[in-house]
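Some notes on the structure that comes next.
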Amino acid sequence: MQIEARRYGFADLIRLPLQAAPAAAVLVGLNAVLAGIVPTIQVLVTADFIDTALGILQGSLERSQIYSSLFAIILLIAYSWVTGALANLTNVKLNLGLEKNYQTAVMDKRARLQYQHIENPETWDLIQRVTSQPEAQLASGYNLLISLTAGILRIGGILGILIAEVWWAALVILSFSIPLFALAVKSGRASYQASKETAKLRRKSNYLATILTSRETVDERTLFGYSDYINELWHERYETARKIEHQVQKKWFIRTKAGGVITALISVLIVLVLLNPVFTGSLSVGLFMSLVGAAFNLVQMMSWGLSRSVDQLARYREYLKDLTEFAGLDESESGQVMPAGTAPQFRTLEFRNVSFKYPGTEKYVLRNLSFRMEAGRHYAFVGVNGSGKTTITKLIAGLYENFTGEILLNGRSIRSYHPSELKAMLSIVYQDFAKYYISVKDNIALGAVNRINRYEDWEITQALNQVGLAAAVNKLPQGINTPLGKIKPDGQDISGGEWQRIAMARAIINPAPLRILDEPTAALDPISESELYQEFERISCGKTTIFISHRLGSTKLADEIFVIGSGRVLEQGTHQELMALNGIYAQMYESQRSWYS
Amino acid sequence: MVLASCPLYFIAVCVIGVIHGFSWGLNTYATQLFFDSVASAVSTKSGLTMVYISLAVLGTVTIGSQVLNGVHNFMVNSLSNRMPGHLGKYIHQKAARVEPVLYESPDLLDDINKAQQGAINSLVLLVVIVSLFTFYLPYFAFMAWYLYRLKPVLVISLVFIFIPVMITQLIRGAVHARLEDESAPLRREVDYYLRCICDREYFKETRLLGAYRFFKELYLTALKAMHQKKWTVELKTNLLELGMKMLTLAGYFGVLYLLFAALMNGEISIGSFAAVFASIELMFNIMEEIISSHIGRLTQNLGTVRNFIRFLDLPERSGSMERVSFTDGIKFTNVCFSYPGAEKNAVEQINLTIKPGETIAIVGENGAGKSTLVKLLMGLYLPTEGTVEIGGVDSRELSLNSVYQGITGVFQKYQRYQLTLKENVEISDLKAQDQARLSAAAAKADLELCPETFPQGFETMLSREFDGVDLSGGQWQRVALARGFYRVHDLIVLDEPTAAIDPLEETRIYEKFAELSQDKTAVIVTHRLGSAKIADRIVVMDQGRIVEVGTHEQLIQERGKYAQMYQAQAQWYVS
C-alpha cells in the first residue's frame, strides 16, 4: 500500500486497516459486532431461565424443562470466554499486518520526502508525530471505532427488546438520554483542548529535570552547584502544570461520573416504566429482572467508556489531520533511486550568481555566489562557521533546489540531471557523517551501493589499509564482518576516530569522480586533521576533491582555495596568491601562525 | 515518604476507598432486595410500596457508588500526580550529591536514569497495595459475608474465582516476559533500520548514497523474523490462556450449579439468584483487574524500583572540612585515577604543584588524560590513589559545599541550557544574582547584546523549542565563557572549548583569557601547542602520565615530546 496525498477522515481509520490487513481487520470487526449482540441474547436467555425457574418453583412446570435454558446460558458464557482469547489473537494479527504494510508505507513516504522537510523544525515535528508507532495509532483507532459500534449495538439491542415489549417506554428513555449524552460529548472536546495546553508546561519542567539528572550536565551541575535553585524552579513549574491538570482532571472525572449517574437515573427510569407491565403481567418477571440487570451493567460501561471514547475521538481527529498534512508533503524523486551504474565523467562545476535561503527562513545564506571548478584539481573552501560552506555542498548534492542563479555541472544545469546521475557524480563525507550499525564490510561497501553484495574482502581490506584502519579491524572478533554498534547482540563499539576513518573508507570506495570532505574531522586535533586530509588527497589522486575546513593548515595544499564569507567568495587563489593578497585569508593564517613563531 | 508529604489526603483516600469497596458489595445486596420485592409483589399482587422503597435504595446505592468510584479514582489519581513532585525533588537532591564519576560507570548510569521511573513505580506499588487493602479487600469481605449468609457453601465460589484467574495471570506474565525478552533484540533491529532510512541522523547520507533499498531489505528481513517470533509468542500465550480459561470456566459452572441447586431446593430466593448471577461476572472482572493489571504490572516494574533503591544508596561526598583560602594552591601527590569498571588507570603517578596566581597549560594528544587531570584538580573526581590537596586540604576531606568554592571553568562540552541568556550565564553562581557582574561577565566574553540576536536582551530565551532564538556555535561559545567568568573565582579552568570555532576567534579567546587570568590561578587545556605559550608552565601529558613540565623555551630546548609535537604543528604554518 502507499500513502496517497489526499484528505484523511474517520472513514480511513476503517479503510486503512482493511487495506493493510484485510482478514484480521474483518475478524476483529466481526468479533466486536458479535460482542455487541451477545448481551442482548444473554438478556433473553437469562429471562427465559428465570421464568422457567419461577414456573418450577410455583409448580407449573417440570424440573427437567430448565435444562435447555441452563444449557443456553452456559453456552453463551463459554462463547464469550473463548472469543476473548481469540479476539486477542486477531488483534495481534491486525497489529502485525499494519506494521508490515502501513508502517512500511509510511516509511516509504518518509524516504521520498524532499530534504527540506527533514531540516525544517516544523515539518520535522509533524513527521515525528505521524510516524511514531503508526501501526499502533491506527490499530487503536480502528478498535475505538469498532468498540463504539459494539457499544451502540449493545445499547440498541436492549432498547430493541424494550421497544418490542413496551414501545412507549423506549421513546420516553430516548427522549431523556439523547440530550444528556450530547452534553457529555460536548464537554469532552473542551477538556481535550485544555490537556494540550499543559503539555508545553510539562515539557519545560521535564527539561529542567533533565538538567538536574543527566550525565551531560554533571560536570557543570556539580562545579556550579546550581541544583538547589534549579530544583526549586522545577518544582514550581511541576506544580503549576499539575494544578492546571488537576483542574482539567477534576472536570473530566465529574463529567465521566455524571455520565454514570445519568445512566443510573435512566436505569431507574427504565425500571419505573417497566414496573407496571410486570404487575399487569404483560412483561414476564424473568425478562424484567434480566433487563434491569443489563441496564445497571451498562452504567459502569457507559460512565468510563463514553468519556474515554470521546476523548480519543478528538485525539484521532488530530492524528488524521496530521496524516493528511504529512501525506501532502512534497516528494523528491531522489529518495529511492540508486546511483547510476556507470560513473559519469566530471569536467566542470560552476556556480553562477547563486543565492539561497533555507525554506521558511528570511536570511540569505548564499548571496550571488559564483565560482568554477575543473576536473582533476583539488579545491578548498575555508571560512568562519556559519559562512555557508556546508550549504554549498548541499546544493551540489541536489538536496535543495529552490536556489536562484545557476549551478552548472559539465555546463548543464544541475536541475536537468536525474537524481541517479547526480548520486553517481559525487561522494560527500559530512561532519555529522552516519555511523551505520552494520558490519564493517557493509559500512564501507555502502560507498558503492550498486555492487554492495559483490564486494571481495580484499577490496574492503585495501580501503581499510588506505585509511590506516586495517590493524584495528583485524583485532575485532570477526574481522571485517564484525557488526558495529549495539544493535546486533555481538556488535562491537569503536572509537569516534575509528568511525571517522570508516566514513573516509566509504568515500574512497565510492567510484564518483568528485569527492567532498566537509569537516568530518572537527573532533580531531588540527594535526591529525591535516594529516588525514593530506592522506585523503594522496588517495584521491586523479579525482577532483573539495575540502572544507575552518582550520587553514589542512587546506593549504589545495590547488585553489575559496575563502567564503557572508555567502560569497571573498578571496580565491592558491595559498601563495592569497598570502600575497594580504587579505582575510592572510590575516587568518597569520593569526594561527603567530602562535608558532 | 507519602505519609510525610500529605498525610490527611492519604488517609482520606484510604477511608473513601473502604467505603467505595463496601458500596459495590452493597449494590449486589440492594439488587437482591429489589428483585425479591418485585417477585413477591408480582406473585402476591401487593407490597408495591416495598418495591418503590427498594428501587429507591438500589438507585441511591448505584448512584452513590458511581460517585464514590469517581471520587476515589480521582483522589488516587491526584495523589499519584502529587507524589512525583515530592519524589522528584528528593531525587534531584540526591543526584546533586552523587559522586560525579559514577556517571561514567555504565552500570550505575542505568540506576540513575531509571531512578525517576523507579520512584514512580514504587509509588504505583504503594497505591496498589493501599487499594488492595482499602478497596478490594472490603469488597470481597462484603461479598463473602453476603454469600455466606445466603448459603455457606457459596463462599467456595470465591475460591473458584480466585485461584484459576491467579494461576492464569501468573503463568501468562512469566511466559510472556520470557518470550518478550527473546523478541526484543529483533525489535531493536527493525527500529534501527527504520532510523537508517528516516532519521535525521542518517537521512542525508542514506539518500546521497542511494542506500534506501539496501536498508529497506534489511528492515523487511528483520521485520519478518520479528513477526514470526512474535506470532509464536502470542499464539502460545493465548492458547495457554485459553486452556486456563477453560479451567476457570469449569469453576464458573460449578458456582452456577451450586446457585441453581440452591434455587431449586428453595434455599435462596429468585432475587438472590439473579443478583448473585449478575455479580459473578463483576467479581471475575475485578479479580482479573487486580491480578493482571495491578500485580502483573507490579512485577514488571519491580526492576526499576530496584534501580531506584540502588540509586538512593549511591555513595556521596562525605568530607566535612571547610576550605578557608586558596593561598596554598593545588598539590598532587602520587595521584592515580581509574574510571569505574576500567582496568587501566586514566592518569598515573601524577606529582604536581600549582601555585596561586600561576597560569598552567596542559597539552597532549587526544586521550592522554588531560580532561581527567583537570577534573581531579577541580575536585570533581577524587583520586583512586594518592592525594590532591586544594588550598592545603585533601579533596576527600572537603565538604560538598566548600570544595568548589572559588573554582570555575569552561568545559570542552559546555552546556547549552534551554533557558534565558541571563539564566545561562548566572547559572554558574545562582546565589548571587548581580546585574553589574552579569554585564561585566558578558563584556569579558565579548558577548555583544545586539538586538538582532537577543531581541529581549538578557531575558532572551535561548531555545527554539521554548519560543526563543537559536544561537550559532560561536555565540554559544561566548555564552559559556561568560558563564565561566560570572562565577567568583580564584581558579579558572579552560578545557579546550575552542574545537568548533575558526582560527581568528580561537586566537582572540586565548588572548582574552590570558589577559583576564593575570591575577588568578588559571589552567588551560589545549591541543594547539602554540597557544600554550602564554602559560607560566606547560605540563605535557602522554598516556596518562606527566612526561615534561617547563616553560615553552625550556621544553623546546629539551627536544622531548613537546618539541616534537610543536614542530609537527608549526610546519603547517611555516611557509
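The values are calculated or read from the model by the stated rules, or taken from the named source; none is laboratory data. All of these numbers come straight from a predicted model, not from anything done at the bench. Quick reminder, even Gly has a Cβ in these numbers, built from the backbone with ideal geometry, and neighbours come from all protein chains shown.
The condition (being within 19 Å of B:His294 (Cβ to Cβ), more than 11 Å from chain A (Cβ to nearest Cβ), in contact with a helix residue (DSSP H, G or I) (Cβ under 7 Å, 6 or more places away or on another chain) and touching a residue at least 40 places away in the same chain (Cβ under 8 Å)) is satisfied by just one residue among B:Met75, B:Met83, B:Met143: B:Met143. Restricting attention to region A:62-70, does a residue exist that is of a type in the set (D, E, K, R) and either facing chain B (nearest Cβ under 10 Å) or closer than 28 Å to B:Met246 by Cα (or both)? Yes: one or more hits.
When restricted to residues that are in a helix (DSSP H, G or I) and surrounded by fewer than 22 Cβ atoms within 10 Å (Cβ to Cβ), region B:256-269 contains 7. Where helices (runs of 4 or more DSSP H) fall entirely within region A:418-528, those with at least 2 residues that are in contact with a Gly (Cβ under 6 Å, 6 or more places away or on another chain) are at A:419-425, A:496-509.
Yes/no matrix, rows are residues, columns are (1) closer than 30 Å to A:Arg202 by Cα; (2) in contact with a His (Cβ under 8 Å, 6 or more places away or on another chain):
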| residue | (1), (2) |
| --- | --- |
| B:Pro7 | yes, no |
| B:Leu26 | no, no |
| B:Thr44 | no, no |
| B:Ser65 | no, yes |
| B:His72 | yes, yes |
| B:Gly88 | yes, yes |
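Scanning region A:530-549 for residues that are buried (at least 23 other Cβ atoms within 10 Å of the Cβ) and at the interface with chain B (Cβ under 10 Å from one of its Cβ atoms) turns up A:Ser530, A:Ser549. From the list A:Ser68, A:Ser80, the lone residue that is surrounded by fewer than 19 Cβ atoms within 10 Å (Cβ to Cβ) and either modelled with pLDDT of 85 or more or within 13 Å of A:Gly286 (Cβ to Cβ) (or both) is A:Ser68.
May I ask you to verify whether A:Tyr436 is farther than 21 Å from A:Phe547 by Cα, in contact (Cβ under 8 Å) with a residue 40 or more places away in the chain, in contact with a strand residue (DSSP E or B) (Cβ under 8 Å, 6 or more places away or on another chain) and crowded, with 17+ Cβ neighbours inside 10 Å? Judged against the criteria, A:Tyr436 is a match.
Give region A:215-232 a look and list any residue that's among the polar types (S, T, N, Q) and part of a loop (DSSP other than H, G, I, E, B), or say none.
Our first condition is that a residue be among the polar types (S, T, N, Q); within region A:215-232, this holds for A:217, A:222, A:227, A:231.
The one that is among the polar types (S, T, N, Q) and part of a loop (DSSP other than H, G, I, E, B): A:Thr217.
Scanning region B:543-572 for residues that are touching a residue at least 40 places away in the same chain (Cβ under 8 Å) and within 14 Å of another protein chain (Cβ to nearest Cβ) yields B:Tyr562, B:Met565, B:Gln569, B:Ala570. The residues listed here are A:Leu323, A:Leu283, A:Leu287, A:Leu275; of these, the one that is among the aliphatic types (A, V, I, L, M), out of contact with any helix residue (DSSP H, G or I) (no Cβ under 6 Å at 6 or more places or on another chain) and crowded, with 19+ Cβ neighbours inside 10 Å is A:Leu275.
The set of residues in region A:529-579 being closer than 20 Å to B:Gln567 by Cβ and in a loop (DSSP other than H, G, I, E, B) consists of A:Arg551, A:Leu552, A:Lys556, A:Leu557.
Per-residue answers, yes or no, for (1) more than 15 Å from B:Phe273 (Cα to Cα); (2) facing chain A (nearest Cβ under 10 Å):
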residue	(1), (2)
B:Ile19	yes, no
B:Phe22	yes, no
B:Leu33	no, no
B:Asp36	no, no
B:Ala41	yes, yes
B:Leu48	yes, yes
B:Tyr52	yes, yes
B:Val57	yes, no
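Can you name every one of the helices (runs of 4 or more DSSP H) wholly within region A:93-150 that holds 3 or more residues which are surrounded by fewer than 22 Cβ atoms within 10 Å (Cβ to Cβ) and away from chain B (no Cβ under 11 Å)?
On the way: elements: A:104-112, A:115-119, A:121-131.
In region A:93-150, the matching helices (runs of 4 or more DSSP H) lie at A:121-131.
Of the residues making up region B:408-418, none is crowded, with 18+ Cβ neighbours inside 10 Å, over 15 Å from A:Glu220 (Cα atoms) and either outside the structural domain of B:Met461 (by TED's automatic domain parsing) or out of contact with any Cys (no Cβ under 9 Å at 6 or more places or on another chain) (or both). Might you let me know whether region A:319-332 holds any residue that is under 30 Å from A:Arg372 (Cα atoms) and more than 18 Å from the chain's Cα centre (by Cα)? Yes. Total residues in region B:197-226 satisfying the condition of being under 32 Å from the mean Cα position of the chain (by Cα), facing another protein chain (nearest Cβ under 7 Å) and touching a residue at least 12 places away in the same chain (Cβ under 8 Å): the figure is 2.
Among the conditions (1) without any contact (Cβ under 8 Å) to a residue 40 or more places away in the chain; (2) more than 7 Å from chain A (Cβ to nearest Cβ), the only one that B:Lys229 does not satisfy is (1). Going through (1) in contact with a helix residue (DSSP H, G or I) (Cβ under 8 Å, 6 or more places away or on another chain); (2) more than 8 Å from chain B (Cβ to nearest Cβ) one by one, A:Gly84 falls short only on (2).
Yes or no: A:Val292 free of Cβ contacts under 8 Å to residues at least 60 places away in the same chain, in contact with a helix residue (DSSP H, G or I) (Cβ under 7 Å, 6 or more places away or on another chain) and not assigned by TED's automatic domain parsing to the domain that holds A:Pro511?
Details: free of Cβ contacts under 8 Å to residues at least 60 places away in the same chain: yes; in contact with a helix residue (DSSP H, G or I) (Cβ under 7 Å, 6 or more places away or on another chain): yes; not assigned by TED's automatic domain parsing to the domain that holds A:Pro511: yes.
For A:Val292, the condition - free of Cβ contacts under 8 Å to residues at least 60 places away in the same chain, in contact with a helix residue (DSSP H, G or I) (Cβ under 7 Å, 6 or more places away or on another chain) and not assigned by TED's automatic domain parsing to the domain that holds A:Pro511 - is met.
Among all positions in region A:434-454, there is at least one residue which is in contact with a Phe, Trp or Tyr (Cβ under 6 Å, 6 or more places away or on another chain), assigned by TED's automatic domain parsing to the domain that holds A:Lys423, of a type in the set (S, T, N, Q) and under 25 Å from A:Thr393 (Cα atoms).
Just checking, does region B:320-335 include any residue being part of a helix (DSSP H, G or I) and at negative phi?
Residues of region B:320-335 part of a helix (DSSP H, G or I): none.
There is no residue in region B:320-335 that is part of a helix (DSSP H, G or I) and at negative phi.
With respect to (1) in contact with a helix residue (DSSP H, G or I) (Cβ under 9 Å, 6 or more places away or on another chain); (2) surrounded by fewer than 18 Cβ atoms within 10 Å (Cβ to Cβ); (3) at pLDDT 80 or above, the lone exception for B:Ala119 is condition (2).
Taking the conditions exactly as written (over 30 Å from A:Gly542 (Cα atoms), free of Cβ contacts under 8 Å to residues at least 40 places away in the same chain and in a loop (DSSP other than H, G, I, E, B)), does A:Glu318 satisfy them or not?
Details: over 30 Å from A:Gly542 (Cα atoms): yes; free of Cβ contacts under 8 Å to residues at least 40 places away in the same chain: yes; in a loop (DSSP other than H, G, I, E, B): no.
Answer is no for this residue.
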